[in-house]
Structure formats: structure tokens, C-alpha cells
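Asker: Sharing a structure with you now.
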Amino acid sequence: MKNVGYVGLGIMGSAMAKNLLKAGFNVHVWNRTKSKADDLVKAGAKWCDSPAKVAEHVEVVCVNVTDTPDVEAVIFGPHGIAAGNPGDTAGFVIVDHSTISPAATREFSARLDKEGITLLDAPVSGGDVGARAGTLSIMVGGPLDAFERCMPLFGAMGKSIAHCGPSGAGQATKACNQILCAANLVGACEAMALAEREGLDLQKMLAVTTAGAGGSWALSNLGPQIASGDMSPGFMIDLINKDLKIVRRAAEEHQLPLPGLNLAAELLRAAARLGHGRDGTQALSCVFEQLGDFNYKRA
């Protein structure tokens, strides 16, 4: 698989496509906003006018778009991937790096099977930092033989790569991951709020706690941004809110109560209502400023 397509060039997708270029793949790209592909085209990627056109030139197409309806549109729409390669190329694979519904993924996979196309659901974790560094965690569902054929691609984009089971298993694993992300984020913001109110040096508090049993990715990576007032998005509030809706629907299907998740989801929705939907998830700290009636003393 030397010829690879990439559809969806947001913060994550553009960095992941760039790592495929660096690894020597011939990369064909499409994005709804063409200007977001400019840097990749300058680096050697080939622009295509539709997802269907991307599929005409490659053996595998990676997808990284916002939500379940977007995935359906770029795969099954009139100018979608399936229209460009209706299964007449042996071994054609679509790799979906988006975070969407596990149930919808299983439905999409069944539809594509009828057209001779294999779908791997392969959501990722690690944020924009991991996407740029090529150190993402990639959790994959779908046929094992397709997973093994795509390992060179995954190796160019990630460090921890796991086959989690049949179709939908990657998305279900990502749902579990997002529960942990949300819970750890709430804990990091609460710790930062108390440290500020106690008058602690935030950087010293972070140095101690990130090295201890309470450490987490959120504390290590987002804690310093909270301390400095940097709310730039690696992963936006609006996107984690979208993900948590998916998690809550999956839990409801199993009649599974997740009270910690529900609390985190309410707080994150509050952050969006405060106008932070397009900010990074660390902007959840602003909710605690409101609740605690304080402001971080930043230089």
C-alpha cells in the first residue's frame, strides 16, 4: 500500500497525513476547505477534487472528519469514496480515524462489505501533540488481515497500535478512552482551582503532582496551559462534547449508569455555553473560575 488517500484535514488529519508523506507514501488528499491542504500539497501531496477522485488513485483511504453524518457523507455520498472505488480493486480499504458511533460503524461496514470494500474503524488518542509527533494511540476494529496490511500506515502515524476486535471495537475502545479523558480533565481542573485559591505556585504544584499517583495526561499536558492561560485548541470543547454524546448513547443502549461521565459532560457543556466551544478542552478551567468566584493570577 504505497498509494494512500486522506480525507479530512483538520488539526489531527493534516498532521497525520504529513507523517504519511514523511514515511514515503504517495498521498492524495481532499478537504471541504481546500486551503487547509495547501501546506500538504507544497510538501508533495496531490490534491483531488472529491473523495471519489481520491479513491481512484489509491489502495487505502484514511478518513478524519467530525461526526457520524460526515463519515457517511464522504463514504457514501454521490462523490464519496465508495463511488470512486466500488470494490473493483482487490483489497481496497477505508480506514476511519474519526470518532463516531460504534453502532453506525458496524452498519457502514456491512454496507461496504456488499461493495467489496473493507472498513477499519481506527480512532486515535494523543491530541495534536501526538498527531504531529507520530506517537498516537490507534485503536482498530475490523478484519485482522486488513489491519495487518495497514500496519505500515499505522506505524507512520502512531506508537501504540492495537487490534481491538471486529468492526466497531475500535470505536467502542475510543468511547472508553473518552470517559477517562473527561474524568481526568475534571480532576486536573479541580486540582488547579484549589492550588490557585491556596496561593500555590502552579508550576511547582504541577511538577510534584504529575510525578505522583495522581498524574495524568491531562494534568501533564493541559495543566501548564491552564497555568499560562493558553486556551488554544489541540482538541476542542465542542469536539469532546460530541464524543461524550456518543459515549452516553452507547451506555444507554446497555442501560449502564455512568454518573462520573454525566457530571463531566454537564461541566463541559457549561464551558461551551460560556463561549469556549472552539477553545481547547483546558478551557473547562474557566467553568471552575466561575463556580469558585476567582480568576487565575497569570503574568
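Just so you know, all these numbers are worked out from the coordinates, no wet-lab data involved. Note that this is a predicted model, so its numbers are computed, not measured. Please note: Cβ atoms are built from the backbone with ideal geometry, for glycine as well, and neighbour counts cover all protein chains shown.
Asker: With each pseudo-label sitting 7 Å past Cα toward Cβ, what's the SER228-LEU200 distance in nm, one decimal?
Answerer: With each label point 7 Å from Cα toward Cβ, the separation is 2.0 nm.
Asker: Let me ask you something else. To the nearest µm²/s, what D does Stokes-Einstein give for the range 3-166 at 20 °C and 1.002 mPa s, using the Kirkwood radius over alpha carbon pairs as Rh?
Answerer: 141 µm²/s
Asker: For the range 97-154 and the range 10-80, compute the distance between their C-alpha centroids and round to whole Å.
Answerer: Cα centroid of the range 97-154 versus Cα centroid of the range 10-80: 15 Å apart.
Asker: Moving on to the next point. For the cross-link pairs LYS53/LYS159; LYS36/LYS242; LYS2/LYS36; LYS42/LYS174; LYS36/LYS245, which exceed 25 Å when the distance is taken from alpha carbon to alpha carbon?
Answerer: Among LYS53/LYS159; LYS36/LYS242; LYS2/LYS36; LYS42/LYS174; LYS36/LYS245, the Cα-Cα distance tops 25 Å for LYS53/LYS159; LYS42/LYS174; LYS36/LYS245.
Asker: Another one. For the chain, with a Gaussian network of springs between Cα atoms less than 10 Å apart, report the residue from ALA55, ALA191, ALA265 with the top mean-square fluctuation.
Answerer: Greatest mean-square fluctuation among the candidates belongs to ALA191.
Asker: Using the alpha-carbon centroid of each, what span in Å lies between the range 176-221 and the range 231-272?
Answerer: Centre-to-centre (Cα) distance: 19 Å.
Asker: Continuing with the same structure: Would you list the P(r) distribution for the range 182-250, with all Cα-Cα distances sorted into 10 Å bins from 0 and each bin expressed as a whole %?
Answerer: Here the calculated profile for the range 182-250 is 19, 49, 25, 7, 0.
Asker: Give, in whole angstrom and from largest to smallest, the semi-axes √(5λ) of the equivalent ellipsoid of the chain, with λ running over the eigenvalues of the Cα gyration tensor.
Answerer: Result for the chain: semi-axes of 36, 20, 17 Å.
Asker: For the range 173-292, what ratio Rg/Rh do Cα atoms give with a Kirkwood hydrodynamic radius?
Answerer: Taking Rg over the Kirkwood Rh, I get 0.98.
Asker: Now, a different point. Dividing the Cα radius of gyration by the Kirkwood radius, what Rg/Rh value follows for the range 75-204?
Answerer: So for the range 75-204, dividing Rg by the Kirkwood Rh gives 1.14.
Asker: Right, here's the next one. Please sort 246-255, 144-153 by packing, taking for each peptide the average over its residues of neighbouring beta carbons within 10 angstrom, highest first.
Answerer: Ranked by mean Cβ neighbours within 10 Å, highest first: 144-153, 246-255.
Asker: Where nothing but the Cβ of Lys and Arg (+1) and of Asp and Glu (-1) is charged, how large is the charge dipole of the chain around its Cα centre, in debye to the nearest 20? Could you put the intermediate results ahead of the total?
Answerer: Values: 27 positive and 30 negative charges, 106 e Å.
It works out to roughly 500 debye.
Asker: What is the magnitude of the charge dipole of the range 73-123 about its Cα centre, with +1 placed on the Cβ of each Lys and Arg, -1 on the Cβ of each Asp and Glu, and no other charges, expressed in debye to the nearest 20?
Answerer: On the way: 3 positive and 6 negative charges, 14 e Å.
Here the size comes out at about 60 debye.
Asker: Which of the DSSP-defined H helices in the chain satisfy a minimum axial length of 20 Å, computed from C-alpha atoms, and a minimum mean Kyte-Doolittle hydropathy of -1.0?
Answerer: 169-197, 237-253
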